[in-house]
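What follows draws every value from the coordinates through simple rules; no lab data is involved. Bear in mind that the values here come from a model prediction, so they are computed numbers and not experimental data. Neighbour counts are summed over all protein chains in view; Cβ atoms, including those assigned to glycine, are modelled from backbone coordinates with ideal geometry.
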Ligand code: FES
């Protein structure tokens, strides 16, 4: 087969020949139109094959890249620790996101470039033809494959180039660390999530203010400014007093809408939770917590864009479609002496996903 490859053999294109009686005799006949196998181009030595200094330099580049990868991974872990998002500072979140990203990118990129450079500059560089065999392999082949591994090990220098091997192992071990470290943020430390979600910044007399995005709080909202059919994205007016602004905002975000009062159907005990048709509901979807943000004023339906849960605002935001299992919690509201909307209390139940056991 190797000879065929070199000499332009065309066994693959052969067709059976026929004897005088028309029987196939198995003679290979090559069609004159068959594309000739061009064979392998002449072998060219690499600089690292002929110059030991360049080989050494390539080796240095490879292990430097692998060690760089280790530094990237460690850097990502340190960035996670130095810029804790628990601070709630926007700047800390930005810095953590940026440096964790840069560290992990560096770690992965350096492993990739190092491995490619190792293969291209240092591993054995000779052409060979690999013959295919029917499966399963014979005992002999399996034995041969063991030998091939040994040859690969010898030719790649995996065992011999200990610095390259160890630096690669170090890089591969260090690379998952940032990912593992990030898992820590999935659950608050020593805090019951139900308790965390049960209390928000809303309280008696807290003004409703426009959400301007990020940590910015806009003007307080007057009831007179909320027209029928309009919808406001709302946060507590005192949000910027929180120690952890974004965490608090994530729990307290609210959607405010005005309906014709006769379209509202409050259950007993909730008749005074709305003000003249104005109702406020948590914006955190009770499925898995996406922001519910699409309001259809004609149907009074709120739609969560993540998995299409729909809530009927005219019936206390009960679920009418989708995977959410409970209504959006309602924020009881009223107006103060100057006509501004204020909360009458906090939500009466935890906001957000309902897969935790709820405390009433
Ligand atoms: S998060 Fe709202 S439907 Fe899934």
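Would you please classify the overall shape of the range 154-304 from the alpha carbon gyration tensor, given that a ≥ b ≥ c denote the square roots of the eigenvalues, rounded means a/c under 1.5, and beyond that prolate means a/b larger than b/c while oblate covers the rest? List each step's numbers first, then the result.
Working: a/c = 3.38, a/b = 2.88, b/c = 1.17.
Taking the square roots of the gyration eigenvalues as a ≥ b ≥ c, the range 154-304 is prolate.
Of the peptides 324-335, 261-272, the ranking by mean beta-carbon count within 10 Å, highest at the top, reads 324-335, 261-272. Shape analysis of the chain based on the Cα gyration tensor places the equivalent ellipsoid semi-axes at 69, 31, 18 Å, largest first. Beta bridges assigned by DSSP with both partners in the chain are antiparallel in approximately 100 percent of cases.
For a footprinting-style exposure proxy, rank 346, 260 by other Cβ within 10 Å, fewest first.
By the 10 Å Cβ count, ascending, the order reads 260, 346.
Under 25 °C and 0.890 mPa s, how fast does the range 230-329 diffuse according to Stokes-Einstein, given a Kirkwood radius computed over C-alpha pairs? Answer in µm²/s, whole number. Please report the intermediate quantities before stating the final value.
Numbers: Rh = 13.9 Å.
So the translational diffusion coefficient is about 176 µm²/s.
Ranked by the mean number of other Cβ atoms within 10 Å of their residues, highest first, the peptides 158-171, 48-61, 103-116 come out as 103-116, 158-171, 48-61.
Mind sorting 282, 156, 230 by how few other Cβ atoms lie within 10 Å of their own Cβ, fewest first?
Values: 282 27, 156 17, 230 13.
Starting with the residue having the fewest Cβ neighbours, the order is 230, 156, 282.
Take the Cβ-Cβ distance between residue 124 and residue 36 as r, set R0 to 41 Å, and report the resulting FRET efficiency rounded to the nearest 0.05.
Details: r = 29 Å, r/R0 = 0.70.
E between residue 124 and residue 36, to the nearest 0.05, is 0.90.
Highest GNM mean-square fluctuation among 72, 229, 337, for the chain modelled with Cα contacts below 10 Å: 337.
When the helix-only estimate is applied to the chain (DSSP H runs of n ≥ 4, each -39,500 (n - 2.57), divided by the residue count), what is the mean residue ellipticity at 222 nm, nearest 500 deg cm²/dmol?
On the way: 9 runs with 121 residues, N = 360.
After summing the helix terms and dividing by residue count, I get -10500 deg cm²/dmol.
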